[in-house]
Structures are given as structure tokens and as C-alpha cells.
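Here the structure is laid out as C-alpha cells; the discussion comes afterwards.
The values are calculated or read from the model by the stated rules, or taken from the named source; none is laboratory data. Keep in mind the model is a prediction, meaning the values are calculated, not measured. We place every Cβ from the backbone using ideal geometry, glycine too, and count neighbours over all the protein chains shown. To get the accessible areas, we keep the full protein, side chains included, count just its heavy atoms, and leave off ligands, DNA and RNA. Shrake-Rupley method; radii C 1.70, N 1.55, O 1.52, S 1.80 Å.
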Amino acid sequence: MNDLSGQISWADVSLALLLVAVAMVISRVRRTGLEGDIAVASFRSFAQLLAVGFVLDFVFDGNSALTPVVLLVMIGTATLTSGGRGKRIPGAYWIAALSVSAAAGGTLGVLLALGIVPAVPAPPSRSGP
Amino acid sequence: MIISNAMNTASLVMSRLRDDLGAHRREVEAHLSLGETATEASASWHRSAVRNGMLPIIDQTKVVGLVALPGAMTGMLLAGASASSAIRLQLVVMYMLVGGGAFAALVAGRLTVGRLFTPDHQLIRSVRRVAG
């Protein structure tokens, strides 16, 4: 393995936060009022990636029965986000849920039906992504 | 990725269609008063909203690799996978996103039109309240 994953330490990650600090300083100087959003976004990305990274590792490690749960969470979050955008349309959440599901179901259906991706990931070797 | 892309597409289609029908309310109602159905009267805005929803992913597919390096492909290459297999994966992903965007735009457009008109082919009240 010559990937980068072993080379970035948590100390390095916290150093990279300097870039976020730069963004916040710029935001403050230009008075965009985005400092709060930047802080929230940084914290959320930290918490979300931490949680999702471990969950995905667990699911890919032979617990693929949980895949539908992961998919449901993803579709649910997407529905809430997109439905919130269309607030002035009655039933926007249903529209969002159905179109997101249609996209996910339609594409995955085609890929599976044509055999482009296998339905079950190859468990032992973990050669593929 | 399909889901997050579909999410953006659905948001775009819904808000664009709602705004357009609101802004062109009188035109839409003129169509309706001439006896067109809700589907016919909203067709041109329906088309532009679906188009608008699909554009970002199409543009992204056009410039992939030139403007933004796709994360999955770069990751596979860094992890030592062969170039060809990384490329094939990324191609499938891009085509998948285009297809998913089309599905999402289609469903979102159709359902939004259904929600913005009454069963009697009138614009719903909240759209009619917009000046125009």
C-alpha cells in the first residue's frame, strides 16, 4: 500500500484547519457574515466524516446487510435538504423523495440489470473499490 | 454521489418551475383560459426547468479531469490501482450521474407541475398570489 492514508496524522489535520482560519479571517474582513457558517461547516464535516468513515468501513467489511440502511439515511437526508428548498410547493418533500429515489433506483437498476456492477461486493480480497 | 446529485437536481427543478410559473402567471393563465390543460400550459417552463436541473451535471461531465480531478479515480490511482481500471470506474460513475440527473429532473418536473395546478387545471392559490 502506497496510499496517503498512513501519512496524514491528526496533527496534520489540525494544521490544515489553518486554511479554515484563513477563510474565516477573509470572511470577517470582507464582512460577509459567514464566520458562523464556516465554523459550523467545519465542525459538521469533521463529525460526519468521522462517523461515516467508520460506519462505511464496517459495512464494507462484510456487513453488507446494512447497505439498505445506509442508502435510506442518504435518501432521507437528501429529501430533507431538497424538500426544504421547495418549501413554497405543496408536498415538496414527496417530490424530492420520489425524484431522488427514482434517480437512485433507476440508475442502480440499470447498472445491476446490465451486470455492470455486481449486486454483492466481492468479500474476501477487497480488490475493487 | 447519485443521491447527492439527484438532490441538487430536484432542488433546482422545483424552485425554478415554481418561480417561473409564478413570474409568468398571466401567460400561464392565458394558456389555461384558451382551453389548454395544465400540462400543455406549463410545457415551456417545464422544459426549461428540467433543462436547468440537468445542466450542472452535464457541464461537470464535459470538464471532468480538466477542471476537477474526480476523487474516486485519484484515490484508486494513489492506492496503486491500474490506470485503466480507475478510468473505467470513473466513466461508469459519470455516466451514472448523468442518467440519475435525468431521472431526478424528469420525476421532479412532472410531480411539481402536478402540485402547482388543481385537478381543475387552475394554478394553485399560492402561485396566483404572486404579482405578475
(message) Starting from the 7 Å offset along Cα-to-Cβ, what nm value, one decimal, do you get for the label separation of A:Leu80 and A:Val40?
(response) 1.3
(request) Can you work out the accessible area per residue across region A:9-61, with the rest of the protein chains kept in place, probe 1.4 Å, in square angstrom? (result) 82
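Magnitude of the Cβ-charge dipole of the protein assembly as shown, K/R +1 and D/E -1, about the Cα centre, nearest 20 debye?
Values: 21 positive and 14 negative charges, 159 e Å.
Its charge dipole is roughly 760 debye.
Given contacts defined as C-alpha pairs under 8 Å and at least six residues apart, what's the relative contact order of region A:62-123, whole-number percent?
Values: 29 pairs, mean separation 15.7, N = 62.
Value for region A:62-123: 25 percent.
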(request) Please give the calculated 222 nm ellipticity per residue for chain B, where each DSSP H segment of at least 4 residues contributes -39500 (n - 2.57) and the sum is spread over every residue; nearest 500 deg cm²/dmol? (result) -25000 deg cm²/dmol
(request) Could you compute the FRET efficiency for B:Glu40 and B:Val63, with r as their C-beta to C-beta distance and R0 at 35 Å, rounded to 0.05? (result) 0.45
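Which value in Å is the Kirkwood Rh of the protein assembly as shown over different Cα pairs? Numbers along the way, then the final one.
Working: mean 1/r = 0.0472 Å⁻¹.
Kirkwood radius, the protein assembly as shown: 21.2 Å.
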(request) Please work out the FRET efficiency for the pair A:Ile8 and B:Ser4, using the Cβ-Cβ distance as r and a Förster radius of 30 Å; give the result to the nearest 0.05. (result) 0.80
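Rolling a 1.4 Å sphere over the protein heavy atoms, what is the accessible area per residue of region B:24-132, to the nearest Å²?
Numbers: 6190 Å² over 109 residues.
About 57 Å² of surface per residue is accessible.
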(request) For peptide B:97-107, compute the average count of partner chain beta-carbon atoms within 10 Å of each residue's beta-carbon. (result) 6
(request) May I ask you to find the residues of region B:54-94 that are shielded by at least 50 Å² of accessible area once the whole protein assembly is considered instead of their isolated chain (probe 1.4 Å)? (result) B:Leu78
(message) What's the whole-number percent of alpha carbon pairs in chain B lying beyond 20 angstrom?
(response) 53
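Just the number, please: Stokes-Einstein D of region A:9-61 in µm²/s, Kirkwood Rh from C-alpha pairs, 25 °C, 0.890 mPa s. Walk me through the numbers on the way to the answer.
Working: Rh = 12.6 Å.
Rounded to a whole number, D works out at 195 µm²/s.
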(message) With +1 on the Cβ of every Lys and Arg and -1 on the Cβ of every Asp and Glu, and nothing else charged, how large is the dipole of region A:9-61 about its Cα centre, in debye rounded to the nearest 20?
(response) 420
(request) Identify, among A:Ile89, A:Val20, A:Asn63, the residue whose Cα sits farthest towards the positive end of the charge dipole of region A:13-129, taking +1 on the Cβ of Lys and Arg and -1 on the Cβ of Asp and Glu, with the dipole about the Cα centre. (result) A:Ile89
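Just need the Rg to Rh number for region A:62-123, please, alpha carbons only, Kirkwood Rh. Numbers along the way, then the final one.
Details: Rg = 14.3 Å, Rh = 13.1 Å.
My calculation puts Rg/Rh at 1.10.
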(message) Rounded to two decimal places and with Rh computed the Kirkwood way over Cα pairs, what is Rg over Rh for chain A?
(response) 1.06
(request) Taking 7 Å along the Cα-to-C-beta vector as the label spot, tell me the B:Arg26-B:Ser84 distance in nanometres, rounded to one decimal. (result) 6.4
(request) Quote the FRET efficiency, to the nearest 0.05, computed for A:Val29 versus B:Asp19 with a Förster distance R0 of 45 Å and r equal to the Cβ-Cβ distance. (result) 0.85
(request) Tabulate in residue order the Karplus-calculated ³J(HN,Hα) for region B:50-59, using 6.51 cos²θ - 1.76 cosθ + 1.60 with θ = phi - 60°, rounded to whole Hz; enter x for Gly and Pro. (result) 5, 4, 4, x, 8, 4, x, 6, 5, 4
(message) If I compute solvent accessible area with a 1.4 Å probe over the protein chains, what percent of it on region A:62-123 is carbon and sulfur?
(response) 75
